[in-house]
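Inspection log for the structure reproduced underneath, given as structure tokens.
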Amino acid sequence: MQREGSPWTGLAAVAAKELADHLSSTRMVILEILVVIAAIGAAYTAGEQLKATVAESSFAFLALFTTAQAPLPSFVSFLTFFVPLIAIGLGFDAVNGEQNRGTLSRILSQPIYRDALLTGKLMAGMGTLAMVLVALWLLITGLGILFLGLPPSAEAVARGLWFLVATLFYGGVWLAAAMFFSIVFRQATTSAMASLGLWLLLVVLWPLASQFLAQALEPIRYGLPQEQLAQLNLAHALARLSPNTLYGETVTALLNPSVRTLGPVFMAQLEGAIPGSPLPLAQSLLVIWPQLVSLIAATVLLFALGYLVFQRREIRA
């Protein structure tokens, strides 16, 4: 007998239940503790290094996120490493875990459709990521005020909020990928290994592979500038297939207002520009808009692929 009602019936209930499970799970608590410790260490070392130059730049507060001091990397580097792990931890058993416990068929026997179940799990994962990131951002902001002795400017706060949005959808890509693997593979260990394997491929191997592919597809035969530029553009395009590259470029332009382009720099682009002068936030958003939209589109595309597979999936235990 076909159920009546909207396919989104039960969406709020699923999202609230999954959110509560994520926030109380042991693995999330462990990951959050590690991230907080790393954030405090990175903020402390950056703050100590920036104390002497805080009066020389109106954007010294943003440098808290990007300044590194050996042996600790910057706060952004920590996020680049930990956010995919948190997202994968949230999504690798989102569907197959329910199926292996025999609860998936019982949930869907209630007035809850597959649409609401899968969307609710994504919303809960994104909500958990958002809570973690906002807490970290507030922590770094508070430590920055303590270490630097002055509050951030309005534009620094606005850039920080856009940085949060970019980081959220960077995590969303890995969350959607982990959920996709949890639908495709029956065992949670297999989906976890597939998610981590994809992460290692795109983080470690793809930057090197994109260089080799660019050299093979656009070889420099005569040493002409046009050939070198074509190879460089192709290498950048291939590298941007990785979410890490897209996120890195987005963060670079948001947290460093003097960045004017994310590709090859031509003299025509520097005409009339004062060296080192910061761009307004609106101009920086235009610079990173393709990268930010690509992160959002990748999240939506991976979720849509998982959704299509899940609609045709046998759910009986």
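In a Debye calculation with equal point scatterers on the alpha-carbon sites of the chain and no solvent, what is log10 I(q)/I(0) at q = 0.09, 0.15 Å⁻¹? So the normalised log intensities work out to -0.55, -1.22. May I ask which residue of LEU308, LEU229, LEU79 lies farthest towards the positive end of the charge dipole of the chain, with charges of +1 (Lys, Arg) and -1 (Asp, Glu) on Cβ and the Cα centre as origin? The residue sitting farthest along the positive end of the dipole is LEU308. Once the Cα-Cα distance is subtracted from the 0.36 nm per residue extended length, the VAL300 to LEU146 segment shows a gain of 51.6 nm. Between PHE81, PHE303, PHE61, the Gaussian network model of the chain with springs among Cα atoms under 10 angstrom shows the greatest mean-square fluctuation at PHE81. For the chain, a simple Cβ point-charge model (Lys and Arg +1, Asp and Glu -1, everything else neutral) yields a dipole of about 800 debye relative to the Cα centre. In the elastic network of the chain, a GNM with C-alpha springs shorter than 10 Å, the most mobile of PRO257, PRO280, PRO152 is PRO280.
When the chain is described by a simple charge dipole with +1 on each Lys and Arg Cβ and -1 on each Asp and Glu Cβ, the residue from LEU255, TRP199, GLN187 located farthest towards its positive end is GLN187.
Springs between Cα atoms under 10 Å define the GNM used for the chain, and in it the highest mean-square fluctuation of SER191, SER109, SER294 occurs at SER109. Scanning the chain for DSSP H helices at least 30 Å long along the axis (C-alpha atoms) with a Kyte-Doolittle mean no lower than -0.5 picks out 26-50, 114-148, 154-184, 281-311.
By the count of neighbouring beta-carbon atoms within 10 Å, fewest first, GLU227, GLU18 end up ordered GLU227, GLU18. Projecting the Cα atoms of LEU175, LEU11, LEU241 onto the dipole axis of the chain, where Lys and Arg carry +1 and Asp and Glu carry -1 at the beta carbon, places LEU11 farthest toward the positive end. Based on every Cα atom in region 158-297, Rg and the maximum pairwise Cα distance Dmax equal 18.0, 59 Å. Here the contact order of the chain, divided by its residue count and restricted to Cα pairs under 8 Å and six or more residues apart, works out to 23 percent.
None of the figures in this text is laboratory data; all of them are computed from the coordinates on show. As the structure is a computational prediction, the values presented were derived from the model and not from experiment. Positions of Cβ are backbone-derived with ideal geometry, glycine not excepted, and every protein chain shown enters the neighbour counts.
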